[in-house]
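Remarks on the structure that follows.
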Amino acid sequence: MNVIIILFLFIIGACIGSFLNVLIYRLPRGESIVFPGSHCPSCGRAIKWYDNIPIISWIVLRGRCRFCKQPISLQYPLIELSTAVILSGLYICYFVLHIRSTGRFHQPLQFARDWPMFVAHAVLLCGLLAVSVVDVQLFIVPIPVMWFCSLVGIVASAYRPGSLMPTVSPAIALASLGTIVGLAISWCLLRTGYLQRSFLDADDKFVAEQEDKEKKSVAITAKDGVNPRKEILREVLFLAPAIVLGIIGFLLVKKVPSVSTMMERLWYSSRFGPHLSSGMGAVFGFLVGGGVIWSARILGTLAFGKEAMGMGDVHILAAIGAAAGWKVAILTFFVAPLLGLIWAMYLLLARGKRELPYGPWLAGAATIVLLFYDSIISMIFRTHF
């Protein structure tokens, strides 16, 4: 039975990879991901269905368009193959090798019970693959992809409680809800012009460089004409309502008996309690993941006088927290710099190689932590306790 499921996931993964190629190409260019249909970027001719079979068609066509004979990037079959490996490999890791467990008694995962979280993690890894490729090529993060991953993670956690998502207490849940409301208020104020975006007056200068045989373009952004320390205070102002309402939500449960009693009944006595606790656990993970990176961005900018991190990285770690929980997000935050350091050491040895944005390191660290979370936690507790 496992063999059939693995084969099925491999095929589905390759098809999803074909869609990811569309996202990778079109989203940064502001094009629709629905219309027009698949077409050759060189001659514009529509691609027939038999030339659009993942992996196989590229091999049959020998990596060239059937009509104009222009080369088709090797990136297309590699993304399709990578996505196929992600889905089938994740199933093997979770439900065959059982490298992750759930519950207080470390029960092995079961596909019939834990499939929603499997879907959430698979969507997250596919999303991270897509945004990493775009980030490497253009130094930008397609934020809608991360929003979708976050939404899937929250829905999956609320639908199937007791799986891999850490639950939260009523106080943390109401604090998270207050924080979300605060962010919504700030967003509305931003849209109506009562708040101003940070670094709005900065001049973005994009310098295209030719690299290797595939002629990949490198986007280098220079922020001129602004005071970074003053600009970053706009983001602190944006976060102020969320912080205040989050604190109010927490104190309402802790200090107001009627609110505490109502929340405890809802949490521990109603049939919806487990679903709310798990779903709000995903929301809390979203806030912790995004908050950690955003705090590093603010503090780094204030300390060094230049823009630190990027808002795309905030959305990446927020999505990781929403799909995998706040603990995975925190560990990812600490593992990612280690991967970046390894690359930096490589750059010192191989001069002339360009640096990479931070998004791929977050994606790589999230993959490592997601798969080996149990082993990492066990090693930490054996070492320090």
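The values are calculated or read from the model by the stated rules, or taken from the named source; none is laboratory data. Keep in mind the model is a prediction, meaning the values are calculated, not measured. Heads up, the Cβs are rebuilt from the backbone with ideal geometry, glycines too, and the neighbour counts pull from every protein chain shown. With ligands, DNA and RNA removed, areas are computed over all heavy atoms of the protein, side chains included. Shrake-Rupley method; radii C 1.70, N 1.55, O 1.52, S 1.80 Å.
Rolling a 1.4 Å probe over the protein chains gives Arg234 an accessible area of about 80 Å². Within the listed set Ile16, Ile320, Ile342, the residue fluctuating most in the Gaussian network model of the chain (springs between alpha-carbon atoms under 10 angstrom) is Ile342.
Would you work out what percent of the accessible area of the stretch 14-86, with all protein chains in place, is carbon or sulfur (probe 1.4 Å)? Carbon and sulfur atoms account for 63 percent of the accessible area of the stretch 14-86. Here the dipole of the stretch 31-92 is about 340 debye; that uses its Cα centre as origin and unit charges on the Cβ of Lys and Arg (positive) and Asp and Glu (negative).
Take Ile380: with every protein chain present and a 1.4 Å probe, its accessible area is about 60 Å².
These residues, Trp49, Trp326, Trp267, Trp147, go from largest to smallest accessible area, 1.4 Å probe, as Trp49, Trp147, Trp326, Trp267. Take the Cβ atoms of Tyr194 and Ser269, set R0 to 41 Å, and the FRET efficiency comes out at 0.45. Whats the longest run of the chain with zero GluC sites (Glu not before Pro) that are DSSP loop and have at most 16 other Cβ atoms within 10 Å? Here the longest run is 32-208.
Accessible area per residue was computed with a 1.4 Å probe on protein heavy atoms; Phe8 scores about 120 Å². Extension gain, Trp187-Leu338: 0.36 nm per intervening residue step, less the Cα-Cα distance, totals 51.0 nm. Under the convention that each Lys and Arg Cβ holds +1 and each Asp and Glu Cβ holds -1, the size of the dipole of the chain around its Cα centre is about 280 debye. Normalising the average separation of contacting C-alpha pairs (under 8 angstrom, six or more residues apart) by the number of residues puts the relative contact order of the chain at 17 percent.
In a Gaussian network model over the chain where Cα atoms closer than 10 Å are linked, find which of Phe250, Phe286, Phe35 has the largest mean-square fluctuation. Per the Cα network of the chain with a 10 Å cutoff, Phe35 tops the list. Lysine pair count for the chain (Cα-Cα distance under 15 Å; residues 8 or more apart in sequence or on different chains): 7.
Entry note, the stretch 68-177: relative contact order of 24 percent, from Cα contacts under 8 Å with a spacing of 6+ residues. For Rg and Dmax of the Cα atoms in Å, the candidate list reads (i) 21.2, 62; (ii) 21.0, 66; (iii) 22.6, 73; the entry that matches the value derived from this model is (iii).
For the residues Leu20, Leu245, Leu348, a GNM of the chain with alpha-carbon springs under 10 Å puts the largest fluctuation on Leu348. The largest accessible area among Lys69, Lys230 belongs to the first residue in Lys230, Lys69, and the rest follow in falling order (1.4 Å probe, all chains).
Considering Cα pairs under 8 angstrom that are at least six residues apart, work out the relative contact order of the stretch 275-385 and quote it in whole percent.
Details: 128 pairs, mean separation 29.8, N = 111.
In percent, rounded to a whole number, it is 27.
Each part reduced to its alpha carbon centroid, the stretch 143-173 and the stretch 1-68 end up 30 Å apart.
Rank Ile59, Ile6, Ile185 by accessible area, highest first, at a 1.4 Å probe radius?
Greatest to least solvent exposure: Ile59, Ile185, Ile6.
Would you please classify the overall shape of the stretch 267-318 from the alpha carbon gyration tensor, given that a ≥ b ≥ c denote the square roots of the eigenvalues, rounded means a/c under 1.5, and beyond that prolate means a/b larger than b/c while oblate covers the rest?
Numbers: a/c = 8.40, a/b = 3.67, b/c = 2.29.
In terms of gyration-tensor shape, prolate.
For the stretch 280-385, what does the alpha-carbon gyration tensor say about shape, rounded, prolate or oblate, given a ≥ b ≥ c as the root eigenvalues, a/c under 1.5 as rounded, and a/b over b/c as prolate? Walk me through the numbers before you get to the answer.
Working: a/c = 1.90, a/b = 1.23, b/c = 1.54.
In terms of gyration-tensor shape, oblate.
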